[in-house]
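Working notes, structure below.
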Amino acid sequence: MAEVLVLVDHVDGEVKKVTLELLTAARRLGEPAAVWVGPGLEGAKEKLAEYGAAKIYVAADEELTSYVVAPKVELLAQLVADKSPAGVLVAATGEGKEIAGRLAVKLDSGVLTDVVDVAEGFVGEHSIFGGAIIAHAKVKRGTPIVAVRPNAIAAEPAPAAAAEEQVSVTLSDAAKSAKIVERVVQEKGERPDLTEAAVVVSGGRGVGSAENFKIIEDLADALGGAVGASRAATDAGWYPHQFQVGQTGKTVSPQLYIAVGISGAIQHRAGMQTSKTIVAINKDPDAPIFELVDFGVVGDLFQVAPQLTEEINKRK
Amino acid sequence: MNIVVCVKQVPDTESPRKLKSDDNTLDRGAADGVINELDEYAIEEALLLKEAHGGEVTVLTMGPEKATDSIRKALAMGADKAVHLVDDALAGSDALGTSYAIQQVLGRIGFDLVICGSESTDARTGMLPAMLAERLGVPQLTLSSKVEIDGSTIRVQRLTDYGYDKVEAALPAVVSVVEKINEPRYPSFKGIMAAKKKPVETLSAADAGIEADKVGLAGAASEVVDATEAPPRAKGQIVTDEGDGGVKIAEFLASKKFI
């Protein structure tokens, strides 16, 4: 069975959940071979094995993570040439999509991005125009490269050998042209990553101020979820930009999405419409968000949300 | 400094967007065209850099005839001139074909800096700026929330999942910007009037030296095999708060085993 390369998404050795989702998807397409870039594999190997990595190609050279994107692309291109895999899967994060795109240019291969599912033959499923259309696409030439949206495919364990093989690549000068001189890690706190969280609670215009976002945070914390914000809220400076859910922000696909004081403009819906269960609290009964919900309450969020938080905490 | 801003005209997010039934490409006639929102931030950043360092800002777009609307807006904001790559042979190009076509034009017109929005609101692939950097063999300074130029050195802050990276490179380079970077200006009346006199060069694929078999639907390396309207979500339950709205949601969440 042909290999399917899975680029491991990790931060300093901590494997992102999307990697396990990619390994799960890769098992339908061939034999998963994880590609590890940078240091820190020791603590992560077990997890990759648990989710079906038959092999792990390890490129630990620090040079590969000292420059923007291009080194990972050259490594993957070399692995494609050497191992002739059936295809390559990456996470459809900002950087993952860039890796997919550059690799497609390098290999002159077709690329599918931000798919919510991938089936045998590397047929990708896309949810486009804010979830209004489901489209299937496939690659016509080259080695299929597919970037998969985090949280879209359920990760399932299926233990495999995870046999390590050290690999190295000689980088071109062009790959070393955008140098990362400093990494700035911003306080993440205890909450899960927005794009990986099973539960996301988002606040919008109705929240009214930065201080009031505490209501959203309290509800998210009661559910062990992540906090998101609509563009209205981030533009107003009530919550940091990186938590914006929507067309120009993050796309999330959690098991449960709770929209608080968000009207549900298309801009926002594009970023959350593939959530499995949707709940909304809004004082306007005509708010478009109610078209999407499984359960909605028309009411004052300052009454309803704290009561919900209290009720959840009571039931724990 | 010669700055080229890549601009895409996209269907207005607020109007109904659909795919054509015959070839599953975007039906550009079905919706009003507007300038891709993130590209306005790219234009603004180019104008700010020009104001600080001098030079010229050229708008480059690939798209049908009516993409001139977006060109006019960019010129009204303050760009100096525009190049419009327009050819039926380009219709249906995928990101690979599009990046190739734009590379060909950039090779002809030259640049010190290319600035793009980080993604378009229609296809949302987020790949084009990185693909351009790969094709042009220049530094990729994408997903930038801050750009500084100091002589021939360019420094950006690149947004990451964990915060940001400080990245440094030598010009020429490709930059993509996120909306955090600035606040795009509105065209002034004077700007709108001035835009009418600014030069717009129209290029065909052949003019730009683009090989026809590498672009368009036929040159695409991927294809849409089917597209259907998503089934509408089952109508949910909506209640009006009578003092127990929070409790009602909790009961719903409990019924779904979330709590």
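The values are calculated or read from the model by the stated rules, or taken from the named source; none is laboratory data. Model, not experiment: these values are computed from the prediction. Note: ideal-geometry Cβ built from the backbone for every residue, glycine included; neighbour counts use all protein chains shown.
For A:E120, state whether it is within 29 Å of A:L292 (Cβ to Cβ), in the same structural domain as A:V37 (by TED's automatic domain parsing), out of contact with any Gly (no Cβ under 9 Å at 6 or more places or on another chain) and acidic (D, E). Taking the combined requirement at face value, the residue does not satisfy it.
Total residues in segment A:210-238 satisfying the condition of being of a type in the set (K, R) and within 25 Å of A:N151 (Cα to Cα): the figure is 1.
Considering segment A:41-68, and only residues there that are surrounded by fewer than 19 Cβ atoms within 10 Å (Cβ to Cβ) and within 14 Å of chain B (Cβ to nearest Cβ), the residue that is nearest to the chain's Cα centre (by Cα) turns out to be A:T65. Could you count how many residues in segment A:120-136 are aliphatic (A, V, I, L, M) and either crowded, with 24+ Cβ neighbours inside 10 Å or assigned to a loop (DSSP other than H, G, I, E, B) (or both)? Qualifying residue count, segment A:120-136: 1.
Screening A:L79 against (1) under 26 Å from B:A101 (Cα atoms); (2) of a type outside the set (D, E, K, R); (3) not in a strand (DSSP E or B) leaves a single unmet condition, (1).
For segment B:202-214, the criterion of being in contact (Cβ under 8 Å) with a residue 24 or more places away in the chain and at the interface with another protein chain (Cβ under 7 Å from one of its Cβ atoms) is met by none of the residues.
Candidates B:R135, B:R158: the one that is of a type in the set (D, E, K, R), facing another protein chain (nearest Cβ under 7 Å) and farther than 17 Å from B:N182 by Cβ is B:R135. For the residues B:T121, B:T142, B:T125, the requirement of being in contact with a strand residue (DSSP E or B) (Cβ under 6 Å, 6 or more places away or on another chain), surrounded by 24 or more Cβ atoms within 10 Å (Cβ to Cβ) and part of a loop (DSSP other than H, G, I, E, B) singles out B:T121. Scanning segment B:237-250 for residues that are more than 7 Å from chain A (Cβ to nearest Cβ), at negative phi and exposed (fewer than 15 other Cβ atoms within 10 Å of the Cβ) yields a total of 1. In segment A:175-182, the count of residues that are free of Cβ contacts under 8 Å to residues at least 12 places away in the same chain, more than 30 Å from B:V215 (Cα to Cα) and not in a strand (DSSP E or B) is zero. Checking each residue in segment B:208-259 for being assigned to a helix (DSSP H, G or I), more than 18 Å from B:A101 (Cα to Cα) and out of contact with any Asp or Glu (no Cβ under 6 Å at 6 or more places or on another chain) picks out B:G245, B:K248, B:I249, B:E251, B:F252, B:L253, B:A254, B:S255. Using the structure shown, decide if A:A147 is buried (at least 19 other Cβ atoms within 10 Å of the Cβ), in a strand (DSSP E or B) and not polar (S, T, N, Q). In short, yes. Just to be sure before I move on: is A:V69 in contact with a helix residue (DSSP H, G or I) (Cβ under 8 Å, 6 or more places away or on another chain), under 29 Å from B:G117 (Cα atoms) and among the β-branched types (V, I, T) in the structure I sent? Against the criterion (in contact with a helix residue (DSSP H, G or I) (Cβ under 8 Å, 6 or more places away or on another chain), under 29 Å from B:G117 (Cα atoms) and among the β-branched types (V, I, T)), A:V69 qualifies.
Checking each residue in segment B:161-186 for being part of a strand (DSSP E or B) and facing another protein chain (nearest Cβ under 8 Å) picks out B:G163, B:Y164, B:D165, B:K166, B:V167, B:E168, B:A169, B:A170, B:A173.
Among the residues making up segment A:176-227, those that are among the β-branched types (V, I, T) and farther than 30 Å from B:V138 by Cα are A:T195, A:V199, A:V200, A:V201, A:V207, A:I215, A:I216, A:V227. Just one of (1) within 14 Å of chain B (Cβ to nearest Cβ); (2) surrounded by fewer than 24 Cβ atoms within 10 Å (Cβ to Cβ); (3) of a type outside the set (D, E, K, R); (4) assigned to a loop (DSSP other than H, G, I, E, B) fails for A:A160. It is (1). Taken as a whole, the structure leaves B:M77 outside the set of residues that are within 12 Å of the chain's Cα centre (by Cα) and either within 14 Å of chain A (Cβ to nearest Cβ) or among the aliphatic types (A, V, I, L, M) (or both). Scanning segment B:191-219 for residues that are in contact with a Gly (Cβ under 6 Å, 6 or more places away or on another chain) and among the aliphatic types (A, V, I, L, M) yields B:V215, B:L217. Inside segment A:222-246, residues that are surrounded by 21 or more Cβ atoms within 10 Å (Cβ to Cβ) and without any contact (Cβ under 8 Å) to a residue 12 or more places away in the chain make up a count of 0.
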